[in-house]
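A.B. asks: The structure is given below, and queries will be raised subsequently.
The values are calculated or read from the model by the stated rules, or taken from the named source; none is laboratory data. Computed from a predicted model, the values in this text were never measured in an experiment. Methodologically, a virtual Cβ is constructed for each residue, glycine included, from the backbone with ideal geometry; neighbour enumeration extends over all protein chains shown.
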Amino acid sequence: MPIHMDHIVLNVNDDDKMMLFYTEVMKFTPERLQEYRSGKVPFPSVRINTDTIIDLFPKALWSQGRNDDKGHTNLNHFCIDLDKPDWDRLCQRLRTKSIPIEQGPINRWGAHGTGISIYFCDPENNLIEARYYEQGSNQKPCLLDS
C-alpha cells in the first residue's frame, strides 16, 4: 500500500513573515491566503507539490489535535527533496537573503537513499532540511564557497 505525506502543520507566531518566507525563499505556492486574510478559513497553507502542503497555524489553533499547547516543541525538522538545479537556486536565495545554514552541505540518508543536505531555519526557527539525490556527486557544495 503506497503511503504519501499529505501535510505538515507548523505553529506560527507571525503568519505574514512565515508566508513570505515559504513563498519567496522556498518558492512554495500559497493556498487559501485570501480566504484566511478575509476570515473565511482559520489558517493558510503553502503547497510543496501536488501531493503535499504545509499548514500555517496561528496561535489560536496551536492546541488543535493535541491535549496541550506545547506549540513548536515536537517538530525536530522536516525535509524537502529537490533536483540539483533547484537546490542550487535555493542555495542562492538563502545566500542572497542572508539566511544562515545551520549544517551542511552534508551526506544524509533519507527516503531515497543518501543525498546531499543543508539545514536552515524559517523565521520562527523551524529547522528545514533541503536535499538533492545524485549518484556519485563530487560537485563542490554551494554554501561553503563564500
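A.B. asks: Restricted to segment 1-14, and to residues that are in a loop (DSSP other than H, G, I, E, B) and β-branched (Val, Ile, Thr), which residue is surrounded by the fewest Cβ atoms within 10 Å (Cβ to Cβ)? Break it down into steps so the answer makes sense when it comes.
C.D. replies: Filtering segment 1-14 down to residues in a loop (DSSP other than H, G, I, E, B) leaves 1-6, 12-14.
After this cut, where a residue has to be β-branched (Val, Ile, Thr) as well, the list is 3, 12.
Working: ILE3: 5, VAL12: 25.
Checking each candidate, the answer is ILE3.
A.B. asks: Shifting gears a bit: Can you tell me how many residues in segment 106-122 are within 11 Å of the chain's Cα centre (by Cα) and part of a loop (DSSP other than H, G, I, E, B)? Give the steps one after another, and end with the answer.
C.D. replies: Step one: list which residues in segment 106-122 are within 11 Å of the chain's Cα centre (by Cα), which gives 119-122.
Okay, now just the ones that are also part of a loop (DSSP other than H, G, I, E, B), so 122.
Number of matching residues: 1.
A.B. asks: Out of LYS17, LYS27, I need the residue that is part of a loop (DSSP other than H, G, I, E, B) and either at pLDDT 90 or above or surrounded by 12 or more Cβ atoms within 10 Å (Cβ to Cβ) (or both). Which one? Write out each step before concluding.
C.D. replies: Numbers: LYS17 fails: part of a loop (DSSP other than H, G, I, E, B).
Answer to the selection: LYS27.
A.B. asks: Anything in segment 94-113 that is surrounded by 14 or more Cβ atoms within 10 Å (Cβ to Cβ) and under 21 Å from ARG47 (Cα atoms)? List them, or say none.
C.D. replies: Once the filter is applied, which keeps residues that are surrounded by 14 or more Cβ atoms within 10 Å (Cβ to Cβ) and under 21 Å from ARG47 (Cα atoms), segment 94-113 yields only LEU94.
A.B. asks: Moving to a separate point now. Taking the condition of being among the β-branched types (Val, Ile, Thr) and within 17 Å of ASP86 (Cα to Cα), how many residues in segment 107-118 meet it?
C.D. replies: Restricting attention to segment 107-118, the residues satisfying the condition of being among the β-branched types (Val, Ile, Thr) are 114, 116, 118.
Adding the requirement that they be within 17 Å of ASP86 (Cα to Cα) leaves 116, 118.
Looking only at that region, the number is 2.
A.B. asks: Need the failing condition index for LEU33 against (1) under 24 Å from CYS91 (Cα atoms); (2) modelled with pLDDT of 95 or more, just the number.
C.D. replies: So LEU33 meets the others, but not (1).
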